[in-house]
Every structure is written in C-alpha cells, then in structure tokens.
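Worksheet for the structure shown next.
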Amino acid sequence: MFTALSAITSTAATVLAAVPDPGTGTEPPGAAAILTVLGWLAWAVFAACVAGVLIVGIKLALAFQRGEGGQAVGQLGWVLGGAILGSSAAAVVGLVLA
C-alpha cells in the first residue's frame, strides 16, 4: 500500500513538473484592431456612466421636490457602482488573470 502511494505521488510530481510555462506571450496579428475596439467600448462605458449620473440626478431633484427621494438615491448608488466597475475593468481582469 505504501509503495503504491509513493509511486502515485512521484508520478504526480513528475507530471506537475512537466507543465510548460507559457510566458508573457506575443500579440496575434490584428491585435491593434482589438485594442481600438476596446478603447471605443471604454469610451462608451464612460459616456453611459456620465449620462446615467445626469439622468438619476434629474430624477433625484424631481423626486425630492415631490417628497419621494428615497428610491432615486438607491438608483444613484447602482449607477455609481456600475461606473466604478466600468472604470476599474482592466484592473479587475488583471487581478483575476494574475
């Protein structure tokens, strides 16, 4: 039993040691176009976040005027949360992939 366990662990160590290191990699052909599209998407997210904050601000002003501001404050929290996530997308992906 002990020899079988020893053989399994030594085989597992050999297999794990043989896993290749992919390194940092190189850009594939056409990577510049992908980065251009990602830049456009980042700009669109920024524009959507600014528009969302403005829209919720208008709703908040109208709701407070009527005495119903609680729901609009919650919407502002969601919009700001989305803005934080959108602006930190590169850092979040880098953290997950690291």
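The values are calculated or read from the model by the stated rules, or taken from the named source; none is laboratory data. Fair warning: this is a prediction, and the values are worked out from it, not measured in the lab. Methodologically, a virtual Cβ is constructed for each residue, glycine included, from the backbone with ideal geometry; neighbour enumeration extends over all protein chains shown.
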query = Does the range 81-93 contain any residue that is over 30 Å from Thr24 (Cβ atoms), in a helix (DSSP H, G or I) and among the β-branched types (Val, Ile, Thr)?
reply = no
message = The conditions are (1) loosely packed, with under 12 Cβ neighbours inside 10 Å; (2) over 16 Å from the mean Cα position of the chain (by Cα), and Ala90 fails exactly one of them. Which is it?
response = (2)
query = Can you name every residue in the range 49-58 that is in contact (Cβ under 8 Å) with a residue 24 or more places away in the chain and under 20 Å from the mean Cα position of the chain (by Cα)?
reply = Cys49, Gly52
ask   = So which of Gly57, Gly82, Gly52 is surrounded by 13 or more Cβ atoms within 10 Å (Cβ to Cβ) and in contact with a helix residue (DSSP H, G or I) (Cβ under 6 Å, 6 or more places away or on another chain)?
value = Gly52
request  = Only residues that are polar (S, T, N, Q) and either surrounded by 15 or more Cβ atoms within 10 Å (Cβ to Cβ) or in contact with a strand residue (DSSP E or B) (Cβ under 8 Å, 6 or more places away or on another chain) (or both): list them for the range 60-79, please.
outcome  = Gln75
query = Do we have any residue at all in the range 21-44 that's more than 30 Å from Ser87 (Cα to Cα), surrounded by fewer than 10 Cβ atoms within 10 Å (Cβ to Cβ) and modelled with pLDDT under 80?
reply = yes
